[in-house]
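The values are calculated or read from the model by the stated rules, or taken from the named source; none is laboratory data. In this text the structure is predicted, and so the values were computed from the model without any measurement. Methodologically, a virtual Cβ is constructed for each residue, glycine included, from the backbone with ideal geometry; neighbour enumeration extends over all protein chains shown. Keep in mind that these areas ignore ligands, DNA and RNA; they rest on the heavy atoms of the full protein, side chains included. Shrake-Rupley method; radii C 1.70, N 1.55, O 1.52, S 1.80 Å.
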Amino acid sequence: MNTQALLADCRERFTATLAAVCADTGLRLPSVQAVIRREAAQAFDEMTRLRSREDYQRLRGVTASRISLVHPDDMDLTVSLINLTHALADACERELPRLQLLFMRLLEQNSAVVDQLPVGPNAISIALRGLCDSGEIVPELRLSLPGLLQPRLIEALRTLYTDLTRLLEQRGITPASLTRSAQEADARSAAHDVFGGTAPEGHGAGYAGPGQQSLSEARGMDGPIGRLRARRLQHQGGVAAPAGPAAAAPADPALRAAIMERVLDWLGTRQRAFEAGVQTPLGELRALLPAESFALLETIDLSFDALVHDARLPAPVRASLARLRLPLCKAALLDEASLTLSNSPPRRLLEFVLRLGAGLSPATPVTHAVCVAVAEACARVQREFTRDLRIFDTACTPLAELEGRLQVAMALRGAELETAATREARRELARSRAARAIHALGVEDLPAPVRAFLEQLWLRVLALVHEHGEGERSGAWRRALHSASQLADSVRPRGNVGALQIRLPDLLTELRAGLEAAGTPAPLRERAFRSLTEAHAASQQARALPASIETDFLPPGPARLDALEGVADSFVLRLPPESDAVLAEAGWVDALEPGSWIALDLPGRPRQTLRIESAEGRPRLLVGVSLDARLALVLPARALKDEALQARAQPMENLFESAVAAADRRSAG
């Protein structure tokens, strides 16, 4: 086998792939293509000269020093390239391990990490760094280049790695064995000297030991967690912050594993010795952990600071949450996915606690059943969690059962409002149709008293006719609408004025009867008719309205909470019918569905959190129930939208991500 010829073939395929991806992204200039090929070939050759992990660590140290000297203010690009490396490694998780073992055999390496693979993600980042520093691309493109190339790189690399694996195997290359090397035995001795004990078994080799970067780790983070972690990493300067000679993480995996064991033991001791109100300072771990690991701990620590001070949660729930701070830190060091994946056992427990806590009033006492269950679950994890993440699932079980029982009770409570909701739906439909009919008369150009009469008083008459009659098909509806139309025409300078004058006494009689049937108070009726008479006279005499004329009979008010007949502790949120305008700005209300949670400031009551049990009809009507099923509300969508526009209603957000985002804002400020 001609090793050099085989390596040359691999190098050509690698450089050609990277050049093709750049060309597909728009970087087609010959000078740019020449640079990326040159840098890719140099990165490939540099990696092939390495024979051990130690060689790679020395190379990485020199490279890091060179970057910090040449680009002291260019840490954003460094972080971007790091993130690209991680994203590519994650995307090619299935292809990389075997290819690395084949290259280890081809290069006769006695130890290696995936980052020193000549065609691996790290080699690509080194080549792209060379391209960015070459001056061949515009400065504005440098920071965005990794993100632009990432999608095409993922697709191209999967094909490349599959082809290279097939090529090497066809040439008779067999995967290297990952047996422990003599260097690792020496490192165990070094760990013994550092800690005065034996480094634990089971770590320091392969991809999954604590403190090592694994291909299966969720290293590429998105969303608030990723942003805060990147900010903390940038705050450290992209590497472990200087804290004396021990600030840099040891290069040897076995030593790193031994240090990680001590860190986990240190966290475990303080976790079990938890004392309410006393926060464990994590800063002393900075010198022992890799920069990314310490940035992750800072992310958790700062996020918990925000959570335990979140006034939306009852004080007993916040006190219980404090017990989860160190277990979450320890779980994240064992497996980053325990923090980043919402379905991981630690995140599931955290979400259960926050979801149940957010459903309670902030003034809920410690004796409440939910507070008791949350306290027991958090205390169990704080006392018993060592390394097995299944304890989080065990702690979730009683909370899941409690939430299930509460949801059944809320559903039954919501079903009690079915009749009332149907009745309210008819009322809302009637008011919506009445408002639309009045607006269709073109009331905007009418004298103020006439417009106010139609929009504030006669609209209610129309709504009552629609609700209790046969809707828009009934004779009563047509007669009421005809009366409104004649009133509008009577003050407009057009049409058969003489006929309207003859008809006016009968029209006023019909209007008066309609208001009486709708239950309009007598004093309000008399004020309204006095204003109508004056407005009509002014219209006929073509003169201005007198300054003393009343033009607002029943001005729109805020939403009110009306009790529902026959159902205890059940209410409907109501708005005057003239507020029937489309409220597109609060579009999140339209997205609510059964199971959604909202926070709502109710008139005369403290803020409530409600679970939507039904969302039906047109106009849309929602039924919301509190966590303890004591309070139930019928919520017309237009009333809820109006509350939202007044900042009195919001969708319930993910409290953990909200806390992370709040911590990120404070960290940035």
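Taking label positions 7 Å along the Cα-Cβ direction at both residue 284 and residue 394, the computed distance is 2.9 nm, reported to one decimal.
Expressed as a whole percent, the accessible surface of region 334-471 that belongs to carbon and sulfur atoms is 55, based on a 1.4 Å probe.
Could you provide, to the nearest whole Å², the per residue accessible area of region 514-669 with probe 1.4 Å?
It amounts to 48 Å² per residue over region 514-669.
Converting the Cα gyration tensor eigenvalues of region 502-553 into ellipsoid dimensions via √(5λ) gives semi-axes, longest first, of 21, 15, 6 Å.
Only sites in a loop by DSSP and with at most 16 other Cβ atoms within 10 Å count here; which trypsin sites (Lys or Arg not before Pro) in region 512-564 make the cut?
Values: sites: 512, 525, 527, 530, 543, 560; in loops: 543.
Within region 512-564, the qualifying trypsin sites (Lys or Arg not before Pro) (loop, at most 16 other Cβ atoms within 10 Å) are 543.
For region 410-550, the pair-distance distribution built from all alpha carbon pairs, in bins 5 Å wide starting at 0, is 2, 9, 18, 20, 18, 12, 7, 5, 3, 2, 1, 1, 0 percent.
Can you give the FRET efficiency to the nearest 0.05 for residue 569 and residue 444, using r as the Cβ-Cβ distance and R₀ = 45 Å? Computed FRET efficiency for residue 569 and residue 444: 0.60. For residue 341, the amide hydrogen comes within under 5 Å of no other amide hydrogen, counting only partners 5 or more places away or on other chains and with H modelled in the peptide plane.
If you plug the beta carbon distance of residue 372 and residue 618 into 1/(1 + (r/R0)^6) with R0 = 35 Å, you get a FRET efficiency near 0.25. Taking each residue as 0.36 nm, the span from residue 650 to residue 540 lengthens on full extension beyond its C-alpha to C-alpha distance by 34.5 nm. Segment residue 533..residue 512, full-extension length gain: 6.3 nm, with 0.36 nm per residue of separation and the alpha-carbon distance subtracted. Extent along the principal axes, Cα only, for region 91-142: 40, 23, 13 Å, with the longest axis given first.
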